[in-house]
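Structure first, commentary second.
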Amino acid sequence: MTSAALLLAAEKESAEVTDWAARIGWVVGLGLFVALVYWLMREGWKWRGTLQGDLPELPAAPDDPGPVRLGMSGRYHGSTTAGQWLDRIVAHGLGTRSRVELTLTAAGLDVVRPSATDFFVPVAALREARLDKGIAGKVLTEGGLLVVTWAHGDKLLDSGFRSDHAAEHGDWVDAINSMIDKTENPTETEGAR
């Protein structure tokens, strides 16, 4: 064999040497970048809560809300400014997704969230219930989300719920909207008493 052939054979057998310092530097740099992005997202969330500081405290359920009309367990997907399905409300824990137990009574809508702040929507604050497909970062199939519009302070809010049994949503829309119609248009016999 000639010396050129030996050099070619030696080059093919030698492996590249890993530059561990450069590799570790890239991993640490990437980790710091991810931490910075996470910190900026967290600060943005807190800033949004500060901007929404004018929102009053959430109402609590009354001691005697009356008989239960409907009950549902499922997920709470968040609240937004009414009609603005991407403008999430984060003040008072309204932006926290969680499990939910909804109870509709003659007094209003009781929202019990085991891992977040509970709240109550009085029947006088209810404005509309409808089926929709999305709210603040959650998009489902058409009609897969129960959206309840309600007044809180001087704002109208949309709150999105998804039942464990999506077939229940239609009953909720009918029940809430009929309660709203009764409070807005009381019958003549009720007014004559």
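What to note about this one:
- Residue match in region 11-22 (condition: assigned to a loop (DSSP other than H, G, I, E, B), more than 17 Å from ASP110 (Cα to Cα), polar (S, T, N, Q) and modelled with pLDDT under 90): yes
- Number of residues in region 76-97 that are buried (at least 17 other Cβ atoms within 10 Å of the Cβ) and either of a type outside the set (S, T, N, Q) or more than 16 Å from THR149 (Cβ to Cβ) (or both) equals 13.
- When region 35-63 is limited to residues that are open to solvent by 90 Å² or more (accessible area, probe 1.4 Å) and among the aliphatic types (A, V, I, L, M), the one that is nearest to HIS152 (Cα to Cα) turns out to be LEU51.
- Checking each residue in region 35-63 for being among the charged types (D, E, K, R) and more than 29 Å from PRO122 (Cα to Cα) picks out ARG42, GLU43.
- Pairs with Cβ under 6 Å, 6+ apart, first in region 114-142 and free of Cβ contacts under 8 Å to residues at least 24 places away in the same chain, second in a strand (DSSP E or B): PRO114/ARG99; SER115/SER98
- Boolean, ALA106 is exposed (fewer than 15 other Cβ atoms within 10 Å of the Cβ) and either over 15 Å from THR81 (Cα atoms) or without any contact (Cβ under 8 Å) to a residue 60 or more places away in the chain (or both): yes
- Filtered residues of region 109-162 (kept if at pLDDT 90 or above, within 14 Å of ARG97 (Cα to Cα) and of a type in the set (Ser, Thr, Tyr)): SER159
- The criterion of at least 2 residues that are in contact with a helix residue (DSSP H, G or I) (Cβ under 8 Å, 6 or more places away or on another chain) and over 13 Å from LEU70 (Cβ atoms) is met by the following strands (runs of 3 or more DSSP E) wholly inside region 86-183: 126-132, 145-152.
The values are calculated or read from the model by the stated rules, or taken from the named source; none is laboratory data. What you see is a predicted model; the values in this text were computed from it and never measured. Backbone-built Cβ (ideal geometry, glycine too); neighbour counts: all protein chains shown. The area values use the complete protein model at the heavy-atom level, side chains included, leaving out ligands, DNA and RNA. Shrake-Rupley method; radii C 1.70, N 1.55, O 1.52, S 1.80 Å.
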